[in-house]
Amino acid sequence: MNLSDSKKKLALAGVVCGIVAALLAYFGNPANMAFCIACFIRDTAGALGMHQAEAVQYARPEIIGLILGSFLISVATKEYRSTAGSSPMIRFILGMIIMIGALVFLGCPLRMVIRMSAGDLNAWVALIGFILGIATGVFALKKGFSLGRSYVSNKESGVVISVIAVGILILAVFTTLLKSSETGPGSMHAPVILALIGGLVFGAFAQKSRMCFAGSIRDIILMKNFDLFCVIAGLFVVMLVFNLATGRFVLGFDTPGIIAHSDHLWNILGMYTVGFAAVLAGGCPLRQLILAGQGSSDAAMTVVGMFVAAALCHNLGLAASGTALDAETQEVVAGAVPLNGKVACVICIVVLFIIAFTNKRESK
Amino acid sequence: MRKKELKLVITFHTTADAMAMEKVCKEQNVPGRIIPVPRAISAGCGLAWCAQLEEREEIAAAMKAAGIEEEAMHECMV
């Protein structure tokens with residue numbers, strides 16, 4: 001089935017992905033997180049022992065499923081292409097920056113939309129930053145920003161990330177080698193098989209529809225084209241209905257238990273960083289996983305950058321904390337971005353401007 | 001909904017090439033517009049230049065003069 005020849009079908013792909021996210025939330029993924037690329041990469045980095053934050057360690061089958069779903073569907077439809085060579089180290093840095101921005105906000109663009117659908121006004125505030133970040137990236141594109149072209153590489157090269165994903169899955173299912181949280185968000189998860197199937201389906205539909213949170217807004221700003229936005233709208237509507245139907249829709253700022261904070265400036269700056277970096281890297285965190293699955297070693301470098309930064313964020317105390325309810329006093333303790341996180345976020349924005357306005361297309 | 005018709009769709013190696021194409025075409029009144037690469041052509045998410053089939057020669061000449069290299073020229077329904 002051609003999923004991309006009309007806006008209705010694109011929206012349908014979003015609906016399918018929304019249903020997957022809703023099911024995973026229903027079957028045990030953390031409330032209001034459902035399906036977050038940044039959080040799940042962070043959890044997986046924790047499972048591999050890259051950081052020691054005990055509450056967020058779990059090899060998320062969703063991440064593995066996304067990569068493999070994209071890989072399998074692209075092989076099946078002969079769209080798998082092993083490519084590489086477009087400024088890999090800059091893409092690694094962009095991946096790091098995306099993750100640092102995401103963990104200052106507490107979520108990737110996918111989770112931002114899921115949080116928006118659950119009434120979390122912090123996510124709506126962050127959307128302002130995300131749009132501004134994308135607009136800055138588009139401005140850089142108009143000024144001639146380029147990381148250079150990629151080239152076809154050995155077909156084995158593009159498979160590496162999918163093989164690593166299978167390896168992590170085998171370790172997670174058949175050994176006790178990987179770390180797994182006993183409390184906190186890392187301990188909350190849907191059954192492995194469901195999460196894996198959910199990831200595969202999500203990955204396949206995301207590959208077919210080219211779902212991208214940054215790309216959807218980029219295309220609107222750049223070309224007034226709403227194709228990719230339809231996918232996101234479909235996902236949003238399904239999650240909104242799910243949240244309303246199951247009593248998970250809570251309109252407000254201070255909502256304990258959903259892993260979010262109300263530090264408005266840093267919600268905006270965090271997502272500004274993500275939006276800006278995602279346009280430069282050619283896609284949001286979800287899109288990077290999908291592109292990596294279909295053979296792009298450049299996108300795979302961005303994914304590796306996200307893993308490394310996720311570990312750094314927790315090792316160096318950069319990640320924000322969520323507003324929580326004190327179990328003993330029943331008082332709401334406001335979440336916040338630590339000083340280290342704020343400094344890191346500002347450094348990231350400076351680095352983005354340097355990358356955006358020094359890497360230019362070479363005229364022939 | 002706008003009826004789809006067979007168009008000339010030019011893809012590029014980088015988004016920056018597509019942006020350069022837009023700039024050159026606007027300056028020189030070369031016909032066409034920038035569009036997302038049609039899904040039927042690519043699983044990537046770059047930009048492409050879309051024009052009428054009969055404008056192929058004029059566009060190719062403008063690209064050559066400006067030093068913009070295409071990845072491919074397609075004819076597809078847009």
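The values are calculated or read from the model by the stated rules, or taken from the named source; none is laboratory data. As the structure is a computational prediction, the values presented were derived from the model and not from experiment. Backbone-built Cβ (ideal geometry, glycine too); neighbour counts: all protein chains shown.
Computed values, structure above
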| item | result |
| --- | --- |
| Some residue of segment A:288-297 being within 14 Å of chain B (Cβ to nearest Cβ), closer than 25 Å to A:TYR26 by Cα and modelled with pLDDT of 90 or more | yes |
| Test: residue in segment A:87-94 that is surrounded by 24 or more Cβ atoms within 10 Å (Cβ to Cβ), in a helix (DSSP H, G or I), in contact with a Phe, Trp or Tyr (Cβ under 8 Å, 6 or more places away or on another chain) and not small (Gly, Ala, Ser) | no |
| Subset tally (residues that are in a strand (DSSP E or B) and surrounded by 16 or more Cβ atoms within 10 Å (Cβ to Cβ)) for segment B:1-49 | 12 |
| Filter result for A:VAL138 (within 28 Å of A:ASN267 (Cα to Cα), within 14 Å of chain B (Cβ to nearest Cβ), in contact with a helix residue (DSSP H, G or I) (Cβ under 7 Å, 6 or more places away or on another chain) and of a type in the set (A, V, I, L, M, F, W, C)) | yes |
| Any hit, segment A:97-115, residues being within 23 Å of B:THR15 (Cα to Cα), away from chain B (no Cβ under 12 Å) and among the aliphatic types (A, V, I, L, M) | yes |
| Which listed residue, of A:ILE114, A:ILE93, A:ILE98, is farther than 22 Å from A:ALA206 by Cα and within 16 Å of the chain's Cα centre (by Cα) | A:ILE93 |
| Where A:CYS212 falls short, out of the listed (1) more than 14 Å from chain B (Cβ to nearest Cβ); (2) of a type outside the set (Val, Ile, Thr); (3) more than 25 Å from A:HIS51 (Cα to Cα); (4) under 17 Å from the mean Cα position of the chain (by Cα) | (1) |
| Residues of segment B:1-60 satisfying the condition of being farther than 29 Å from A:GLN207 by Cα, within 12 Å of chain A (Cβ to nearest Cβ) and basic (Lys, Arg) | B:LYS23, B:LYS26 |
| Residue check for A:ALA336: of a type outside the set (D, E, K, R), farther than 23 Å from A:SER216 by Cβ, more than 14 Å from chain B (Cβ to nearest Cβ) and in contact (Cβ under 8 Å) with a residue 60 or more places away in the chain | yes |
| Condition check for B:CYS76: part of a loop (DSSP other than H, G, I, E, B) and at pLDDT below 95 | no |
